[in-house]
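The values are calculated or read from the model by the stated rules, or taken from the named source; none is laboratory data. Computed from a predicted model, the values in this text were never measured in an experiment. Cβ sites come from the backbone with ideal geometry, for glycine too, and all protein chains shown count toward neighbours.
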């Protein structure tokens, strides 16, 4: 699933140690635009410090996420976990200057203009 949202807050990361290794969790609060009352969604980023460091408050992103629920001591907890974030600001690709220009038509070989037929397949 995915949604588009604007970053409202980037909360401080928390980390810990388990039998499987070290983990880091960070929550980012997004606001969905184009909603009548401005829905806010807290999204959890697990072990994605690099992606969170690229986010900027006030900018819009498309967030791909999964919803996970788990039970702990008789209570249920639900997380919205991001697995991909894309900026909505489309940056144009950098210009490439070392390529030859693209021709609209293929060049005509001098052997074809002389009436010689080439039977070699492409």
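Data overview
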item: Unique residue being without any contact (Cβ under 8 Å) to a residue 60 or more places away in the chain, within 18 Å of the chain's Cα centre (by Cα) and not in a strand (DSSP E or B) when the list is 38, 58; result: 58
item: Scan of the stretch 21-35 for residues that are modelled with pLDDT of 90 or more, surrounded by fewer than 15 Cβ atoms within 10 Å (Cβ to Cβ) and either closer than 20 Å to residue 84 by Cβ or out of contact with any strand residue (DSSP E or B) (no Cβ under 9 Å at 6 or more places or on another chain) (or both), ordered by number; result: 21, 23, 24
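Each row is one residue, and each column tells you yes or no for (1) at pLDDT 90 or above; (2) surrounded by 13 or more Cβ atoms within 10 Å (Cβ to Cβ).
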| residue | (1), (2) |
| --- | --- |
| 47 | yes, yes |
| 72 | yes, no |
| 78 | yes, no |
| 99 | no, no |
| 110 | no, no |
